[in-house]
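Peer 1: Let me give you the structure first, and then I'll get to my questions.
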Amino acid sequence: MTATRLRNTSLAALATLAALTLAGCASMSEPAQSVSLIEPVNGATVSSPFKLRFGVKGMVVAPAGDIVPNSGHHHLVINGEAVPAGQSVPFTERSLHFGKGQTETEITLPPGSYTLTAQFANGAHQSYGMPMSQTIRVTVK
């Protein structure tokens with residue numbers, strides 16, 4: 001093998017190694033488990049009632065009742081913050097429970113600005129905390 005050909009082969013191998021390293025770093029920064037509000041998007045202006053869709057990654061959506069590892073159900077906290085890990089999500093007008101395992105619903109809110117926090121919790125409504133929450137802002141017209 002000539003020196004030029006050897007150098008080109010070595011450069012190609014180095015470029016491949018760098019790409020694989022970067023891809024591994026990118027996947028390390030993504031959490032293995034997360035919850036999201038798919039719809040509406042952050043900053044959206046909506047008309048009431050509006051569709052709300054939850055997403056979850058790395059966990060199984062299951063009805064409330066049994067506590068099964070890596071499973072739970074969605075909650076929506078209106079104009080509130082994530083519920084600390086281990087604490088029960090309260091049963092109030094501003095904390096909606098989707099204990100049947102629902103992943104979407106219609107929400108009716110009067111005109112105004114709101115924060116909507118998706119909170120995932122176990123079968124006993126005990127929060128998985130900040131890592132399993134997401135807060136967005138919406139304006140209802």
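The values are calculated or read from the model by the stated rules, or taken from the named source; none is laboratory data. Just so it is clear, the structure is predicted and the values come from calculations on it, not from any experiment. Because the Cβ atoms are built from the backbone with ideal geometry, glycine has one as well, and the counts that use them run over all protein chains shown.
Peer 1: Could you say whether any residue in region 131-139 is over 14 Å from Gln33 (Cβ atoms) and charged (D, E, K, R)?
Peer 2: Step one: of region 131-139, the residues over 14 Å from Gln33 (Cβ atoms) are 135-139.
Now restrict to residues that are charged (D, E, K, R): 137.
Among the residues of region 131-139, at least one is over 14 Å from Gln33 (Cβ atoms) and charged (D, E, K, R), which makes the answer yes.
Peer 1: Among (1) closer than 14 Å to Tyr128 by Cβ; (2) surrounded by fewer than 17 Cβ atoms within 10 Å (Cβ to Cβ); (3) touching a strand residue (DSSP E or B) at 6+ places or on another chain (Cβ under 7 Å), which single condition is Val77 missing?
Peer 2: Val77 satisfies all of (1) closer than 14 Å to Tyr128 by Cβ; (2) surrounded by fewer than 17 Cβ atoms within 10 Å (Cβ to Cβ); (3) touching a strand residue (DSSP E or B) at 6+ places or on another chain (Cβ under 7 Å) except (2).
Peer 1: Could you please find all residues in region 112-129 being of a type outside the set (Val, Ile, Thr) and either part of a strand (DSSP E or B) or more than 20 Å from Ala64 (Cα to Cα) (or both)? I'd like the intermediate steps shown before the answer.
Peer 2: First, pick out the residues of region 112-129 that are of a type outside the set (Val, Ile, Thr): 112-114, 116, 118-129.
Hits for region 112-129 are Gly112, Ser113, Tyr114, Leu116, Ala118, Gln119, Phe120, Ala121, Gln126, Ser127.
Peer 1: Only residues that are of a type in the set (D, E, K, R) and within 21 Å of Met59 (Cβ to Cβ): list them for region 73-121, please. Let's see the steps before the verdict.
Peer 2: Of region 73-121, the ones of a type in the set (D, E, K, R) are 81, 93-94, 100, 104, 106.
Those that are of a type in the set (D, E, K, R) and within 21 Å of Met59 (Cβ to Cβ): Glu81, Lys100, Glu104.
Peer 1: Against the condition of a type outside the set (Asp, Glu), modelled with pLDDT of 95 or more and either under 14 Å from the mean Cα position of the chain (by Cα) or farther than 19 Å from Val46 by Cα (or both), how does Thr139 come out, does it pass?
Peer 2: No.
Peer 1: Same structure again: For residues that are surrounded by 15 or more Cβ atoms within 10 Å (Cβ to Cβ) and over 17 Å from Asn79 (Cα atoms), tally how many sit in region 106-126. Let's see the steps before the verdict.
Peer 2: Step one: filter region 106-126 for residues surrounded by 15 or more Cβ atoms within 10 Å (Cβ to Cβ), giving 107, 109, 114, 116-123, 125-126.
If we keep only those that are over 17 Å from Asn79 (Cα atoms) too, we end up with 121-123, 125-126.
Result for region 106-126: 5.
Peer 1: Related question: Out of Ile78, Ile67, report the one residue that is farther than 15 Å from Arg137 by Cα and touching a residue at least 12 places away in the same chain (Cβ under 8 Å). I'd like the intermediate steps shown before the answer.
Peer 2: Numbers: Ile78 fails: farther than 15 Å from Arg137 by Cα.
Going through Ile78, Ile67 in turn, the sole match is Ile67.
Peer 1: Failed condition for Thr108, given (1) within 17 Å of the chain's Cα centre (by Cα); (2) under 21 Å from Gly43 (Cα atoms), with all others met?
Peer 2: (1)
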